[in-house]
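Enquirer: Below you'll find the structure I mean.
The values are calculated or read from the model by the stated rules, or taken from the named source; none is laboratory data. Here the structure is a predicted model, which is why all the values come from computation and not from measurement. Cβ sites come from the backbone with ideal geometry, for glycine too, and all protein chains shown count toward neighbours. These accessible areas exclude ligands, DNA and RNA; they are computed on the full protein's heavy atoms, side chains included. Shrake-Rupley method; radii C 1.70, N 1.55, O 1.52, S 1.80 Å.
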Amino acid sequence: MTAKKAFDRVQRVCLLGATGSVGTSTLDVIALHPDRYEVFALTAEHRVLELAALCLRWKPRFAVVASVLQAKALATELAGAGLRTEVLYGAKALCEMAAHPEVDSVMAAIVGAAGLPPCIAAARAGKRLMLANKEALVVGGRLFMQAVQDGGALLLPIDSEHSAIFQCLPEDRNTWAARIDHIVLTASGGPFRSRDPATLHSVTPDQACAHPNWVMGRKISVDSATMMNKALEVIEARWLFDLAPEQIRVVLHPQSIIHSMVVCRDNSVLAQLGTPDMKVPISVGLAWPDRVASGAAALDFLTTQPLTFEPTDGQRFPGLGLAFAALRGPEGSTTVLNAANEVGVAAFLTGRLRFTDIHRVNAESVAALVPSPADAASLDDLLALDGRARTLAQSLARELAR
């Protein structure tokens, strides 16, 4: 993660997950700096019409979608507009774009474990890798960090919390261990921070997605409501900053102004503050070690509300403890936890599972599927473990839905 010199030419950017909230915010930042960035490739899973509109605006060299039928539809749409963007499809094409020799920077904003293979491809190819896909580390962990080291990639965290920690640390990663006593990840508490836990069983998807501070996709919004988003960030922080679980703490900070903190060995506390807008960590990732305009509103200390802090509630947010337990378990346990959570959240969003049963699916999956060393030996092994965990979680979700 040691900072490299800023580019002395236009950066060619591959944007994985262009139609999501991070993807569109990334394009907003790029639009402010046409002399610094060029959109080389855009990808999306299902939102073909939205991707087509982005292609018409940005005219990338390549566009990638999930299936051959989507590719044909997108190619027809773009050809009708006279655009020469080459349309590809499938997981292999994602990896090819992430590692393309003409790509300088990769924004990894695909949601879920599907983002791991292209992230590893970008890491092995030595790209500037802006990581908004926390599952790459939750699932990949050691293997992903090894790929970053082997490829000489510049790994830049985009989650606001991890970007905050990164911004508080020196550029020389070798000095981090001697400086850090522990880190404090802040959490807003989501929409149910003060709701009676006994009533959470009746929560609807729309209620869970109504985050008080951040505008996010539905999956990550539900994760914020259950606090599994913070649980996954704990796992991500362990790998990003090479910390023991005991060096990672979480505190509720409802205003989302302090994005996280580093507590040094001398008990000095370093914090990064700003308005809750993803364009700030995105601009840091795009320009580091430079600083460029992000388009986010400035923080006004004279009008901002008082900053408050609260302890986390294990009854309301049991997933946080589950993440720490998975970190201390056999390698691959966090892979199982992530897979189960993706299944549980999907079932909740489609009305097949109660909000409170997401945690039951997660906890029972982790208890039932204990990985062996062979399950985490390679990327293929981890993806196979992910598949088994999903099958188990789907079975558990069906049982709970009856």
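Enquirer: Return the pair list, or none, for Cβ contacts closer than 7 Å from residues in the stretch 191-208 that are under 12 Å from Leu349 (Cβ atoms) to residues that are among the aliphatic types (A, V, I, L, M), at least 6 apart or on different chains.
Expert: Within 7 Å, the pairs are Pro205/Leu349; Ala208/Val222; Ala208/Ala225.
Enquirer: Further, regarding this structure: Going through Ala376, Ala368, Ala384 one at a time, which residue ends up being more than 17 Å from Leu200 (Cα to Cα), buried (at least 22 other Cβ atoms within 10 Å of the Cβ) and either modelled with pLDDT under 95 or in contact with a helix residue (DSSP H, G or I) (Cβ under 8 Å, 6 or more places away or on another chain) (or both)?
Expert: After ruling out the rest, the residue left standing is Ala376.
Enquirer: Is it the case that some residue within the stretch 343-356 is open to solvent by 40 Å² or more (accessible area, probe 1.4 Å), closer than 16 Å to Val139 by Cβ and either within 23 Å of the chain's Cα centre (by Cα) or among the hydrophobic types (A, V, I, L, M, F, W, C) (or both)?
Expert: So far as the stretch 343-356 goes, no, none of its residues is open to solvent by 40 Å² or more (accessible area, probe 1.4 Å), closer than 16 Å to Val139 by Cβ and either within 23 Å of the chain's Cα centre (by Cα) or among the hydrophobic types (A, V, I, L, M, F, W, C) (or both).
Enquirer: Considering only residues of the stretch 249-268 that are within 21 Å of the chain's Cα centre (by Cα) and of a type in the set (Ser, Thr, Tyr), which is surrounded by the most Cβ atoms within 10 Å (Cβ to Cβ)?
Expert: Looking at residues that are within 21 Å of the chain's Cα centre (by Cα) and of a type in the set (Ser, Thr, Tyr), I get Ser260.
Enquirer: Residues Ala208, Ala187, Ala147, Ala153: which one is within 20 Å of the chain's Cα centre (by Cα), closer than 18 Å to Ala109 by Cα and crowded, with 19+ Cβ neighbours inside 10 Å?
Expert: Ala153
Enquirer: Answer with yes or no whether Leu51 is surrounded by fewer than 22 Cβ atoms within 10 Å (Cβ to Cβ), hydrophobic (A, V, I, L, M, F, W, C) and in contact with a helix residue (DSSP H, G or I) (Cβ under 8 Å, 6 or more places away or on another chain).
Expert: No.
Enquirer: Also, I was wondering about something else. Kindly indicate the residue of the stretch 231-248 that is more than 19 Å from the chain's Cα centre (by Cα) and touching a residue at least 60 places away in the same chain (Cβ under 8 Å) and also farthest from Asp159 (Cα to Cα) among those meeting that condition.
Expert: Result: Glu246.
Enquirer: If you take the residues of the stretch 163-184 that are among the aliphatic types (A, V, I, L, M) and open to solvent by 40 Å² or more (accessible area, probe 1.4 Å), which of them is farthest from Val251 (Cα to Cα)?
Expert: Step by step, filter the stretch 163-184, then rank; the result is Ala178.
Enquirer: Please give the number of the condition Arg61 fails out of (1) touching a helix residue (DSSP H, G or I) at 6+ places or on another chain (Cβ under 8 Å); (2) surrounded by fewer than 21 Cβ atoms within 10 Å (Cβ to Cβ).
Expert: Of (1) touching a helix residue (DSSP H, G or I) at 6+ places or on another chain (Cβ under 8 Å); (2) surrounded by fewer than 21 Cβ atoms within 10 Å (Cβ to Cβ), only one is false for Arg61: (1).
Enquirer: Specify the residue that is modelled with the highest pLDDT; the eligible residues are those in the stretch 14-24 that are closer than 19 Å to Ala297 by Cβ and within 14 Å of the chain's Cα centre (by Cα).
Expert: Among those that are closer than 19 Å to Ala297 by Cβ and within 14 Å of the chain's Cα centre (by Cα), it is Val22.
Enquirer: Separate question: Look through Gly115, Gly23 and report the one residue that is under 26 Å from Pro281 (Cα atoms) and either among the acidic types (Asp, Glu) or in contact with an Asp or Glu (Cβ under 7 Å, 6 or more places away or on another chain) (or both).
Expert: It is Gly115.
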